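Please read the structure below before turning to the comments.
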Amino acid sequence: METPLFEVADVFERGVGETTDIVEKELFRLAPRSDDRESWALRPEATAGIVRAFIQHGLQTWPQPVKVSLVGPMFRYDRPQAGRYRQFWQWDVEAVGDPGPAVDAELVELGLRFYRDAGLADVEVLLNSIGDTTCRPAYVARLTAYYRSIAAELPDLERRRLETNPLRLLDSKDPSMGNVNLDAPKIADHLCEACAAHFEAVRAHLDALGIGYRIEPSLVRGLDYYTRTAFEFYRRGAEGQQQALGGGGRYDGLVELLGGHPTPGIGFALGIDRVILALEETGTPLVAEPAPIAVVCGAEPTGTTERLRVATILRGEGLAVRAELAHRKLGRQLEAAVKEGAQFAVILGDELAEGLVQLRDLQAASQKAVPLADLPALLRRKSGERAAR
Ligand code: AMP
């Protein structure tokens with residue numbers, strides 16, 4: 001799914017939550033024109049826009065769950081620093097309409113597989129359950145009572161937040177909160193039966209997949225529509241606030257909050273910039289774009305009409321080919337094709353008039369005449385062999 005880069009700010013204010021940092025401090029608001037009553041903002045994350053679209057376009061009538069993904073830039077007004085940008089990229093995945101618990105584990109596995117395929121070993125998932133509207137209010141009341149009992153020790157900002165969103169104190173960035181939070185009541189000890197059973201089942205599914213995880217009691221998403229499963233991905237040993245590689249969770253109350261029928265959902269967002277930074281730090285090469293199967297070259301340096309025509313025929317057959325469009329000698333054209341990692345050069349010469357081209361295997365440095373008409377099938381077969389290797 002592609003959602004707009006900017007929307008009515010209300011979608012994010014309600015969908016992400018008024019009392020989050022993302023909305024309170026980081027929302028990139030667009031200056032309205034004087035006659036504009038609506039207020040607009042650049043999207044800071046994808047879930048709110050996806051859920052807004054799910055409701056607006058009637059996706060609740062589709063077979064459930066609706067699974068969508070989105071890759072694109074997100075915007076947050078913050079002081080730029082390493083790993084924290086004002087425009088950054090996320091890969092976002094959502095499964096709307098599935099209460100879990102199996103899909104919760106499916107998403108965690110998908111996230112971990114992405115890191116592994118990207119070349120990042122050693123990514124760990126931190127996991128928690130944050131309960132639901134049945135059990136969380138009583139827990140939040142206990143938590144509030146705990147913080148109130150030590151209010152004098154709390155930093156000013158946290159004392160203020162205590163009145164608007166006490167859960168946020170648990171993942172406070174203030175170092176002095178570390179010890180305070182060690183003694184705070186843990187949500188895991190206060191889950192209702194249904195939430196406890198759900199959490200146990202998520203863990204059983206992860207165990208069955210052989211996925212290790214660490215239960216992290218301070219991992220919360222301090223908003224009412226977030227429910228049950230919450231998770232974050234970190235590189236082992238790199239667990240600072242700036243270093244989350246991704247995170248996600250269940251939001252069984254969000255569709256209703258944005259005006260739809262009650263519908264469970266879960267999703268995650270992975271920070272692509274941070275993955276690339278981590279790959280650079282660990283010296284892991286980025287996955288290279290595959291080389292074209294063939295480069296269309298020619299004996300006549302200026303013969304670009306024919307080279308482009310033949311390349312277009314091959315591309316129309318679904319083959320990844322490059323056309324050599326520079327006016328240079330054949331030897332130089334072939335050198336460039338070898339350097340690029342192409343497996344073949346299709347060389348055009350006079351025999352094209354009889355429907356023949358030279359197919360040169362660049363690795364074996366062997367060459368034979370092939371009818372142009374047979375070329376797509378032949379290259380497709382070679383392409384398949386290469387993919388299988
Ligand atoms: P969040 O919605 O804040 O949980 O973000 C999900 C992921 O996006 C984080 O785990 C980061 O990897 C990435 N991310 C969030 N904010 C930024 C930013 N300002 N710059 C780069 N990456 C970010």
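Quick notes
- Among the residues of the range 145-178, those identified as open to solvent by less than 20 Å² (accessible area, probe 1.4 Å), at pLDDT 85 or above and farther than 25 Å from TYR213 by Cα are TYR147, LEU154, GLU158, LEU162, PRO166.
- Condition met for TYR115 (buried (at least 19 other Cβ atoms within 10 Å of the Cβ), among the aromatic types (Phe, Trp, Tyr) and within 16 Å of the ligand (Cβ to nearest atom)): yes
- Failed criterion for GLY271 (all others in (1) modelled with pLDDT of 95 or more; (2) of a type outside the set (Phe, Trp, Tyr); (3) more than 12 Å from the ligand (Cβ to nearest atom); (4) under 27 Å from VAL125 (Cα atoms) hold): (3)
- Scanning the range 12-69 for residues that are among the aromatic types (Phe, Trp, Tyr) and either under 28 Å from LEU167 (Cβ atoms) or surrounded by fewer than 13 Cβ atoms within 10 Å (Cβ to Cβ) (or both) yields PHE12, PHE28, PHE54, TRP62.
- ASP98 falls short of the stated requirement of being open to solvent by 70 Å² or more (accessible area, probe 1.4 Å) and assigned to a loop (DSSP other than H, G, I, E, B).
- Pair list, Cβ under 9 Å, 6 or more apart: the range 352-376 residue open to solvent by less than 80 Å² (accessible area, probe 1.4 Å), other residue aromatic (Phe, Trp, Tyr): LEU359/PHE344; ARG360/PHE344; ASP361/PHE344; LEU362/PHE344
- None of ARG386, ARG309, ARG315, ARG332 is closer than 30 Å to ASP117 by Cα, open to solvent by 80 Å² or more (accessible area, probe 1.4 Å) and basic (Lys, Arg) except ARG315.
- Residue satisfying all of: in the range 239-258; part of a loop (DSSP other than H, G, I, E, B) and more than 9 Å from the ligand (Cβ to nearest atom); most open to solvent (accessible area, probe 1.4 Å) among these: GLU239
- Taking every residue in the range 300-326 that is under 18 Å from PRO290 (Cβ atoms) and pairing it with any residue that is among the charged types (D, E, K, R), at least 6 positions away or on another chain, the pairs with Cβ-Cβ distances below 8 Å are ALA311/ARG322; GLU317/ARG380; GLY318/ARG380; LEU319/ARG380; VAL321/ARG315; ARG322/GLU340; ALA323/ARG307.
- Residue within the range 23-33 that is modelled with pLDDT under 95, β-branched (Val, Ile, Thr) and under 22 Å from the mean Cα position of the chain (by Cα) present: yes
- Qualifying residue in the range 87-94 (condition: within 13 Å of the ligand (Cβ to nearest atom), under 24 Å from PRO264 (Cα atoms) and either assigned to a helix (DSSP H, G or I) or among the hydrophobic types (A, V, I, L, M, F, W, C) (or both)): yes
- The range 19-66, subset in a helix (DSSP H, G or I), out of contact with any Leu (no Cβ under 8 Å at 6 or more places or on another chain) and aliphatic (A, V, I, L, M), residue nearest to the ligand (Cβ to nearest atom): ILE22
- Among the residues making up the range 291-307, those that are over 13 Å from LYS339 (Cα atoms) and of a type outside the set (A, V, I, L, M) are CYS297, GLY298, GLU300, PRO301, THR302, GLY303, THR304, THR305, GLU306, ARG307.
- Qualifying residue in the range 357-374 (condition: of a type outside the set (Ser, Thr, Tyr), assigned to a helix (DSSP H, G or I) and farther than 15 Å from ALA294 by Cβ): yes
The values are calculated or read from the model by the stated rules, or taken from the named source; none is laboratory data. Treat the numbers as computed from the prediction; the structure is a model and nothing was measured. When we count neighbours, we look across all protein chains shown, and the Cβ atoms used for this are built from the backbone with ideal geometry, even at glycine. SASA here: full protein model, heavy atoms, side chains in, ligands and nucleic acids out. Shrake-Rupley method; radii C 1.70, N 1.55, O 1.52, S 1.80 Å.
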